[in-house]
Amino acid sequence: MGKIGIMGGTFNPIHMGHLLLAQYALEENALDEIWLIPTGCSYMKRADNEVSAEERYHMTKLAVSENPKMRCMDIEIKREGYTYTYETLEQLRSCYPQHEFYFIFGADCLFSIEKWKYPQKIFESCTIIAAVRSGTSIEKMEQKKAWLEEIFHAKIILMPFLQLELSSTAIRQRVKEKKSIRYMVPDAVLHYIEEKEFYRQG
């Protein structure tokens, strides 16, 4: 049995903050691998008409290509219609019954996850690893964790993580303003964005 960390996201584009979180979760929780899964059509985010799901997948694949502990999967971009986390986790459990799955996200998501589509199925399919940024009050996180564990019988790990002010939105804005994004994204992703002239309009 393998311990597999799952990280979903738009990854538009994937950046160093995503990769640092993945690496940190891998080591702190003794995981065997991290699987990054770019979203297809997320019901929670406005569709992006400039960069296709396939291009976001390709950038994510470039970002982890040299790390044997990480892989990129296209199961969500191949799924028609809206993308729901519970469906992805159920599909993974069906295809890889030998693995134990850990779903990684920022701890702020704990305060909305009960409003996601079929949260009970999410908690039944995985252990949650919630990254708590430095400087964040842990007391409210612990209270929310206890509530989710009581109501949904969830398994939740609160993982301290460094504060990192880096976002895909800010990166897209910098490209639009003709500013450098070096050191914000992996070099392979930087070169691909430049080659394809992504994010220059909008």
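The values are calculated or read from the model by the stated rules, or taken from the named source; none is laboratory data. Every value quoted in this text rests on a predicted model; they were computed, and no experiment measured them. When we count neighbours, we look across all protein chains shown, and the Cβ atoms used for this are built from the backbone with ideal geometry, even at glycine.
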**Message:** Here are the criteria: (1) in contact with a Leu (Cβ under 9 Å, 6 or more places away or on another chain); (2) within 23 Å of residue 114 (Cα to Cα). Tell me which single one residue 83 does not satisfy.
**Reply:** (1)
**Asked** Within segment 63-70, is even one residue of a type in the set (Ser, Thr, Tyr), free of Cβ contacts under 8 Å to residues at least 60 places away in the same chain and in a loop (DSSP other than H, G, I, E, B)?
**Response** no
**Asked** Quick check: is even one residue across segment 134-151 in a helix (DSSP H, G or I), under 23 Å from residue 11 (Cα atoms) and not hydrophobic (A, V, I, L, M, F, W, C)?
**Response** no
**Prompt:** Which residues, taken from segment 93-109, are modelled with pLDDT of 95 or more, touching a helix residue (DSSP H, G or I) at 6+ places or on another chain (Cβ under 6 Å) and outside any strand (DSSP E or B)?
**Reply:** 93
**Asked** Which of the residues belonging to segment 74-89 are surrounded by fewer than 19 Cβ atoms within 10 Å (Cβ to Cβ) and under 24 Å from residue 159 (Cβ atoms)?
**Response** 86
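Matching residues to (1) within 29 Å of residue 97 (Cα to Cα); (2) within 21 Å of the chain's Cα centre (by Cα):
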| site | (1), (2) |
| --- | --- |
| 110 | yes, yes |
| 114 | yes, yes |
| 119 | yes, yes |
| 128 | yes, yes |
| 134 | no, yes |
| 150 | yes, no |
| 154 | yes, yes |
| 159 | yes, yes |
**Item:** Test result for residue 188, assigned to a strand (DSSP E or B) and either aromatic (Phe, Trp, Tyr) or under 24 Å from residue 67 (Cα atoms) (or both)
**Value:** no
**Request:** Determine whether segment 121-133 contains at least one residue that is loosely packed, with under 14 Cβ neighbours inside 10 Å and either at pLDDT below 95 or in contact with a helix residue (DSSP H, G or I) (Cβ under 9 Å, 6 or more places away or on another chain) (or both).
**Result:** no
**Asked** If you scan segment 153-185, which residues turn out to be free of Cβ contacts under 8 Å to residues at least 60 places away in the same chain, not in a loop (DSSP other than H, G, I, E, B) and not charged (D, E, K, R)?
**Response** 156, 158, 160, 169, 170, 173, 175
**Fill in**
Residues of segment 140-156 being modelled with pLDDT under 95 and under 21 Å from residue 25 (Cα atoms), in sequence order, are 141
